[in-house]
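Below is one structure, written out as structure tokens; comments come after it.
Rule-based calculations on the coordinates, nothing more; no lab input. Everything numeric here is computed off the predicted structure, so don't read it as measured data. Virtual Cβ from ideal backbone geometry, glycine too; neighbours counted across all protein chains shown.
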Amino acid sequence: MNSVLYWNSVLLEVSRRDFTRGFVNSQNPGPIGTSRAMAMVHLAIRDALALPVAPAKAYLPAAGHTFPSLPAAGPARSAYLDDVVGGAASALLVALYPGSQQYIEESTSFVNLQAFQAGQTIGNAMLASRDTDGAFKDSSGNPVEVASAQNKMLGYGDHRADPFDSGQPRLGVHWGNVDHFAAAGRVALAPFPGHATAAPFLNNPHYRADYEEVKDKGSGGATTRTPAEHLIGVYWGYGCP
């Protein structure tokens with residue numbers, strides 16, 4: 001297995017543990033937190049391969065990253081780059097999933113210490129670049145509310161908690177304004193008309209159409225789902241077919 005696939009498998013395992021009882025949970029909560037963490041790790045892996053040999057194609061700025069004794073093209077360079085990848089991925093994963101630190105460190109090995117340490121600088125730079133992206137801290141470095149409690153008194157049209165997990169919090173609305181990975185800055189989301197109360201939502205034909213589609217496609221006995229839609233629903237719903 002090459003280093004990219006190897007560290008992807010480690011990433012998937014620590015993500016699984018983040019949602020499994022008996023482990024440290026909610027380090028990167030919900031599908032939104034998970035997708036952010038996965039994007040960071042894979043961008044760091046990409047830069048670990050790009051920065052030493054083609055810095056102009058890297059995601060992070062090339063300035064500040066040095067790669068001493070880079071071997072000529074061939075097996076030695078591949079082994080060197082594997083160690084850069086390992087350093088970048090492991091440093092980032094330990095920071096994102098500290099509850100799985102022992103597992104991550106047990107999954108780590110390297111031959112060239114300098115290459116591994118160069119990779120660590122990439123992982124740490126990726127972490128720093130997203131430190132105040134709005135996911136957990138605002139642009140001033142202040143913590144943001146990641147999730148909010150369920151409403152105690154529910155009205156018609158209000159969100160209902162999962163009956164099998166009634167204490168489950170809801171992801172905070174701030175996630176929609178987190179810095180994008182592929183676009184500069186943040187894209188401010190225009191509030192949905194009448195977002196302060198439930199009734200205007202329910203009376204809006206676009207909202208009603210979306211609601212009916214989710215209800216139709218997502219029900220246990222749905223007959224309109226395509227195989228692809230079923231797979232997508234199971235993946236994002238953390239459920240069982």
Checklist line | Choice from Asp165, Asp179, Asp131 showing the highest fluctuation, given a GNM over the chain with Cα pairs closer than 10 Å | finding: Asp165
Next item on the list: Note down the nm distance, to one decimal, between modelled labels 7 Å out along Cα→Cβ at Ile32 and at Glu106.
Entry: 3.4 nm
Next item on the list: Could you size up the charge dipole of the chain around its Cα centre, putting +1 on the beta carbon of Lys and Arg and -1 on that of Asp and Glu, and report it in debye to the nearest 20?
Entry: 160 debye
Note to self: Using the basic label-point model (7 angstrom from Cα toward the beta carbon), what is the Phe23 to Ala128 distance in nanometres?
What the structure shows: 2.9 nm
Check: Taking H as built 1.01 Å from N, whose amide H comes closer than 5 Å to the amide H of Lys137, not counting residues under 5 places away?
Finding: Val144
Notebook entry, point to check: Given a Förster distance of 25 angstrom, what is the FRET efficiency for Leu12 paired with Asn204, based on the Cβ-Cβ distance and rounded to 0.05?
Noted result: 0.05
Item checked: Relative packing of 68-76, 46-54, which averages over residues the other C-beta atoms within 10 Å, highest first -> 46-54, 68-76
Checklist line | Peptides ranked, highest mean first, by Cβ atoms within 10 Å: ranges 118-126, 12-20, 135-143, 34-42 | finding: 118-126, 34-42, 12-20, 135-143
Next item on the list: Return the single residue from Ser109, Ser78, Ser166 with maximal mean-square fluctuation; model: Gaussian network over the chain, springs between Cα atoms under 10 Å.
Entry: Ser166
Margin query: Could you tell me the calculated FRET efficiency between Ser219 and Ser140, based on Cβ-Cβ distance and R0 = 51 angstrom, to the nearest 0.05?
Written below: 0.70
Check: Considering the chain as a Gaussian network with a 10 Å cut-off on Cα pairs, which listed residue, Glu105, Glu212, Glu145, attains the greatest mean-square fluctuation?
Finding: Glu212
Margin query: What is the angle, in °, between the Cα long axis of helix 75-96 and the longest principal axis of the Cα atoms in the chain? Nearest 10 is fine, range 0 to 90.
Written below: 40 degrees
Notebook entry, point to check: For the chain, what does -39500 (n - 2.57) per DSSP helix run (n ≥ 4), summed and divided by total residues, give at 222 nm, in deg cm²/dmol to the nearest 500?
Noted result: -15000 deg cm²/dmol
Margin query: Angle check, please: helix 3-18 long axis (alpha carbons) against the longest principal axis of the chain (alpha carbons), in degrees 0 to 90, nearest 10.
Written below: 40 degrees
Checklist line | For Gln120, net neighbour charge (Lys/Arg +1, Asp/Glu -1) across residues whose Cβ lies under 13 Å away | finding: -3
Checklist line | Debye log10 I(q)/I(0) at q = 0.09, 0.10, 0.11, 0.18 Å⁻¹ for the stretch 1-155, Cα point scatterers | finding: -0.32, -0.39, -0.46, -1.06
Next item on the list: For a label point 7 Å from the Cα of Val173 along Cα→C-beta, name the residues of the stretch 138-156 whose backbone N is under 15 Å from it.
Entry: 145-151
Margin query: If I fit a long axis through the Cα atoms of helix 30-50 and take the longest principal axis of the Cα atoms of the chain, what angle between them do I get, 0 to 90°, rounded to 10?
Written below: 20 degrees
Margin query: Cβ neighbours within 10 Å, averaged per peptide: list 85-98, 215-228 in order, most packed at the top.
Written below: 85-98, 215-228
Notebook entry, point to check: Using modelled backbone amide H atoms (1.01 Å from N, in-plane), which distant-in-sequence or interchain residues come within less than 5 Å of Thr132's amide H?
Noted result: none
Next item on the list: Evaluate the distance, in nm, between pseudo-label points positioned 7 Å from the Cα of Leu113 and of Leu5 along their respective Cα→Cβ axes.
Entry: 3.2 nm
Check: Counting other C-beta atoms within 10 Å, which of Trp236, Trp7, Trp175 has the fewest, and how do the rest follow?
Finding: Trp236, Trp175, Trp7
